[in-house]
Amino acid sequence: MTAPTAGTAGTASVGETERLRVQRRTMRVVVTGQVLGGAGLAAGVTVGALLAQQMLGSDGLAGLPVALFTLGSALAAYVVGRTSQRLGRRVGLAAGFLAGGAGAAGIVVAAALDSVVLLLPALLVYGAGTATNLQARYAGTDLASPAERGRAISTALVATTVGAVAGPNLVGPLGRLAVGLGLPALAGPFLLAAVAYSAAGVVLLALLRPDPLLLARRLDTAPAPTAAGAPVSPDTRPGTRPGTRPGAHVGATVMVLTQVTMVAIMTMTPVHMREHGHDLADVGLVISLHIAAMYLPSPLTGRLVDRWGRTAVAVLAGAVLLASGVTAALAPGDSLVLTTLALVLLGLGWNLGLIAGTALVVDATEPATRPRVQGSIDVLVALAGATGGVLSGLVVGASSFATLSLGGGLLALALLPALRRATPRRA
């Protein structure tokens with residue numbers, strides 16, 4: 001075999017140096033955008049149902065905001081994916097966050113005018129911010145080597161926690177600010193969402209240069225070489241053919257099943273707790289710890305994904321979700337400790353499944369087609385969450401919370417046959 005010429009080696013060195021430099025800059029910009037995006041995300045979760053209840057005058061329609069911005073996030077995931085495919089991550093993500101900011105501003109105007117006609121489409125557009133916040137995790141992987149992808153995904157996810165935790169704690173001050181501006185108090189968090197989402201869009205549009213996806217295509221770094229001494233993921237180890245690495249459909253299956261299980265059990269937990277005498281403070285504590293478990297373990301999960309491999313962590317996600325379902329099903333209704341444990345395990349299982357599933361998708365796609373595939377998969381994930389939320393109420397109404405919890409845990413075991421196809425075969 002002819003040895004590489006000095007010119008060839010020099011070009012490769014320059015390419016790798018540029019990749020590492022831009023990757024570090026990309027992660028800083030993505031983290032900033034995710035902190036802002038997390039603050040915008042919190043508004044709909046915290047007061048969306050209460051605002052709808054107030055404006056529509058019906059408890060039965062209080063779940064409408066969640067349904068609308070979930071549907072909006074599914075549509076936006078598709079559009080952001082296709083836009084990123086054509087124009088790069090910078091334009092796609094910035095457009096998604098700016099749309100979410102416009103939707104939040106529309107909700108504020110609708111609340112000021114007490115206009116239900118304006119509220120409903122504004123909620124739909126607001127969902128674009130949710131989808132973009134989730135899709136931003138892919139931007140950190142475009143230039144990451146296979147041994148770094150888990151950590152890149154986890155860094156983007158854990159950054160979301162900062163804004164998502166701060167947002168609900170600002171509901172009181174933001175409500176007073178809204179009243180001072182002549183607006184309904186419940187419009188206050190959406191004022192924050194409008195500013196936060198818009199700021200995230202501006203940050204990405206101005207600073208995400210060079211575009212990591214476009215640069216990855218130019219450098220053709222998929223799969224990128226692993227740095228000397230870095231741990232090699234078992235799913236990308238030498239000796240496996242590129243065609244036998246995990247398929248995108250396997251990663252999609254992991255994310256969809258974990259999303260359905262998580263949303264179904266989480267949605268009905270507050271109702272179950274209220275029926276057994278827990279007050280709103282108890283409910284708030286359980287849900288806040290659940291959300292913390294969804295995001296805070298991300299750095300550790302990312303390292304496990306890179307060190308143990310995607311498949312092993314996805315199997316662990318199924319086991320943790322099963323433990324969560326069994327704990328929730330067997331816990332006495334008045335036991336705050338066991339209910340909290342079940343919801344913490346639920347959040348942790350979701351975290352393990354999302355990061356492992358995302359890494360599987362990135363491994364199985366090339367820069368030329370990656371955004372389109374990722375956008376389509378996130379549509380499925382969003383729709384899976386909406387389906388889980390709707391079915392959870394039907395299951396509990398027809399049977400019990402214990403049946404729902406146990407069924408969700410058993411559903412997670414469906415990961416195992418899917419993951420058999422993700423096991424690398426030797427060349």
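Restricting attention to the stretch 298-320, does a residue exist that is at positive phi, in contact with a helix residue (DSSP H, G or I) (Cβ under 7 Å, 6 or more places away or on another chain) and either touching a residue at least 12 places away in the same chain (Cβ under 8 Å) or not hydrophobic (A, V, I, L, M, F, W, C) (or both)?
yes
Any idea which of Leu346, Leu360, Leu406, Leu354 is crowded, with 22+ Cβ neighbours inside 10 Å, modelled with pLDDT of 90 or more and more than 21 Å from Ala292 (Cα to Cα)?
Answer to the selection: Leu360.
Could you check the stretch 99-195 for helices (runs of 4 or more DSSP H) lying wholly inside it with 2 or more residues that are crowded, with 24+ Cβ neighbours inside 10 Å and either out of contact with any Leu (no Cβ under 7 Å at 6 or more places or on another chain) or free of Cβ contacts under 8 Å to residues at least 60 places away in the same chain (or both)?
Per the criteria, 116-139, 149-169.
Would you confirm whether or not the stretch 328-336 contains a residue that is crowded, with 24+ Cβ neighbours inside 10 Å and either part of a helix (DSSP H, G or I) or not assigned by TED's automatic domain parsing to the domain that holds Val286 (or both)?
Yes; the residues of the stretch 328-336 include at least one that is crowded, with 24+ Cβ neighbours inside 10 Å and either part of a helix (DSSP H, G or I) or not assigned by TED's automatic domain parsing to the domain that holds Val286 (or both).
Does Ser154 fit the bill of being over 16 Å from the mean Cα position of the chain (by Cα), modelled with pLDDT of 85 or more and hydroxyl-bearing (Ser, Thr, Tyr)?
It is false that Ser154 is over 16 Å from the mean Cα position of the chain (by Cα), modelled with pLDDT of 85 or more and hydroxyl-bearing (Ser, Thr, Tyr).
Identify the residue in the stretch 272-285 that is acidic (Asp, Glu) and either in a helix (DSSP H, G or I) or buried (at least 24 other Cβ atoms within 10 Å of the Cβ) (or both) and, among all such residues, is modelled with the lowest pLDDT.
Among residues in the stretch 272-285 that are acidic (Asp, Glu) and either in a helix (DSSP H, G or I) or buried (at least 24 other Cβ atoms within 10 Å of the Cβ) (or both), the one modelled with the lowest pLDDT is Asp282.
Inside the stretch 337-374, can you point out the residues that are within 30 Å of Arg86 (Cα to Cα) and of a type in the set (Val, Ile, Thr)?
Ile355, Thr358, Val361, Val362, Thr365, Thr369, Val373
Among (1) modelled with pLDDT of 85 or more; (2) polar (S, T, N, Q); (3) surrounded by 19 or more Cβ atoms within 10 Å (Cβ to Cβ); (4) assigned to a helix (DSSP H, G or I), there is one condition Thr365 misses while meeting the rest; what is its number?
(4) is the only condition that Thr365 fails.
Which one of these is modelled with pLDDT of 50 or more, under 30 Å from Thr369 (Cα atoms) and of a type in the set (Ser, Thr, Tyr): Thr261, Thr269?
None of the other options fit; the residue is Thr261.
The values are calculated or read from the model by the stated rules, or taken from the named source; none is laboratory data. All values reported here derive from a predicted model rather than from experimental measurement. Cβ: placed from backbone, ideal geometry, glycine included. Neighbour counts: every protein chain shown.
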